[in-house]
Amino acid sequence: MKPLIRTIKGRIIFSTLLFSFILSSFIAVISYTVYRDYLRNNLIHSSELSLQVIADTINSDLKNIFSLAEWCQANSSIGEFSMYGSKTAKQKITIYENLNEQYNTNDSSEYIQRVLVASNRREFIQVVLIRHSGVANVFDVVDSLDYFEPALKSKPYTFDMGFVYDPFKIRNKLTILPLIRPIYSLYDSTITGWVFICISPNLFSDAIDKYHHGDGESVYLTLSQNTYLYRDGSFIPAEYMPEIFTRNDDGEITTLYEDTMVCIGHEKNLYYVTCPLNTPGCYITQQINAKELFSQTQFFMAIIAIICLVIVLAGFIMSLLLNKMVNTPIIKLQGRMAKIANGDFSRDLAIEWDNEFGEIGRGINKLSESINNLMNSRLEMEKQKRDYEYQVLQSQINPHFLYNTLMSIKWMAAMQNAPGIAEMATALSRLLKNISKGTKQFVPLSEELSLLMDYYTIMKYRYGGTISIDVKVDSEELLNCGILRFTLQPIVENAIFHGIEPKGSAGTITIHVFRNESGDLQIDITDDGVGMDEEMGRMLLSEKTGSESRFFRKIGISNVHNRIQLEFGDRYGLSIKSKIGSFTTVTIILPVRPCPEERQESP
């Protein structure tokens, strides 16, 4: 009994359920991702709009305050005051009244705690709210401020100092944002005085309180290198602020995206949306807790879970339908195959449906009929073959009769003093005996050389002694190596009939047996005949010529080459090297192996 997962039924159910699970998981992941991104983008977009309104309000108030500072820099009366001081009390009162008028008419005056105009002659005029007035020595205070000189010379102006305590208010810890700008001479660029404006932090807190309504969401204010957390109406230096900005070579913070005013940073479950102010290095940032997104996705996840369950259930029902459509025909086909295995080759019309399985059933019926016909034909052929073999056996001549007849010819030749006839009869007798004595495939090299010399004896008398063979064996142990029977004779015969005979004169065949550099057995058979070109050599090895042995039918050089490669592999076999009019060398490469012992049949 096969495990369910290895049957067609089990595979259909498993594949359908797996596909349904993967599909439902894919839909769930995509839907959740899209919905989560939608909620996140909505939340970020809402925060972006809120921050943009806050930033616009702050920028408007800062612009009004900067315009007051610019008026002080450009006013000619203040310019003369900064250069020459106050000549009369009336002049000083007039400057004060003009400055006070500008202060009172400024749309953002409620956030200006103090406007102080001073000259290098150590005279000053200020407009200050009563609750912020102080008795400190103005110039002694300014001389002690480390941020005064950098702020006075900064272009453009930046709030690098951040929020600081009001230096002109004694025993009071009220914080301000100082705006310090130079007053230049009316005639050149010499600094003759300065304007010191104390900006209240309420400028930022009022805008945040008015337009920010996110509960539990932190708001940060960045003033150059200083970052403050807004909490309970106050700005507290932030102990930790994620690096959600990039800085350029000048150390200035820029947004990550050039096409928008909003930069989004991400750390764990927190998102940060930031909006830059018009003043360089100043930003307003809102922290968004991503956990709010999860609280809004619970209902959506429940709907997704129900959809996935429906998809899996539909996949299971589909698997049952597919199993009924496929498994039933397969069971019938299996039954038919079992009958064929038991020898029933009759045609079964019940498996020939009008669909793809019916095509398979018709093919099985046709195959069974073909097997039945083939078996009947095979039996008939075997019967005919036995009849032919019987007829051949009847027509065969007993080999012993041939041996005895040749031996009688030998003795008659010896008695009549004809040694050549006796030697040829003896050689032919040994050849016939060697050919018919058994069916073994391998023989020792020494035995193959003996058969070759018997063949040479016959050829020597045929050509009147004009052919000679010289055999050289480098090591006696090579004579015990196994070689395929009838390997050398076809090659030597080819050398005689196609190499030496066309030359029309005496010739010599040299056989050299040795171990080559690769350690293999190499046999070089060289004749000094007419030679051949490369094309003829390739044809001899590729069975494209009819140069078969005249002694052994169907055995030629290509046959020897193919037999060696089929037995030992492509590394071994024959190769031919020749020069027209000079020589031909056939090289045989064989592995050095002892001749295997094979059972021989007696003739």
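Worth pointing out:
- Condition met for residue 350 (over 30 Å from residue 46 (Cβ atoms) and modelled with pLDDT under 80): yes
- Any hit, region 197-209, residues being closer than 24 Å to residue 59 by Cβ, under 58 Å from the mean Cα position of the chain (by Cα) and in a loop (DSSP other than H, G, I, E, B): no
- The residue that is farthest from residue 27 (Cα to Cα), among those in region 338-370 that are loosely packed, with under 11 Cβ neighbours inside 10 Å and of a type outside the set (S, T, N, Q), is 343.
- For region 472-482, the count of residues that are part of a helix (DSSP H, G or I), of a type in the set (S, T, N, Q) and closer than 17 Å to residue 560 by Cα is zero.
- Residues in region 117-137 include none that are of a type in the set (Lys, Arg), in a strand (DSSP E or B) and either modelled with pLDDT of 85 or more or buried (at least 18 other Cβ atoms within 10 Å of the Cβ) (or both).
- Taken together, 228, 211 contain a single residue that is in contact with a Leu (Cβ under 7 Å, 6 or more places away or on another chain), of a type outside the set (Gly, Ala, Ser) and farther than 30 Å from residue 78 by Cα, which is 228.
- Looking across region 151-163, the residues that are crowded, with 16+ Cβ neighbours inside 10 Å and either closer than 10 Å to residue 178 by Cβ or among the basic types (Lys, Arg) (or both) come down to 151, 159, 161, 162, 163.
- The condition of being surrounded by 15 or more Cβ atoms within 10 Å (Cβ to Cβ), farther than 13 Å from residue 523 by Cα and touching a helix residue (DSSP H, G or I) at 6+ places or on another chain (Cβ under 7 Å) holds for only one of 467, 491, 509, that being 467.
- Restricting region 87-116 to residues that are under 24 Å from residue 163 (Cα atoms) and charged (D, E, K, R), the residue that is surrounded by the most Cβ atoms within 10 Å (Cβ to Cβ): 114
- Hey, residue 465 at pLDDT 70 or above and not aromatic (Phe, Trp, Tyr) or not: yes
The values are calculated or read from the model by the stated rules, or taken from the named source; none is laboratory data. Just so it is clear, the structure is predicted and the values come from calculations on it, not from any experiment. Note that each Cβ is placed from the backbone with ideal geometry, even for glycine, and that neighbours are counted across all protein chains shown.
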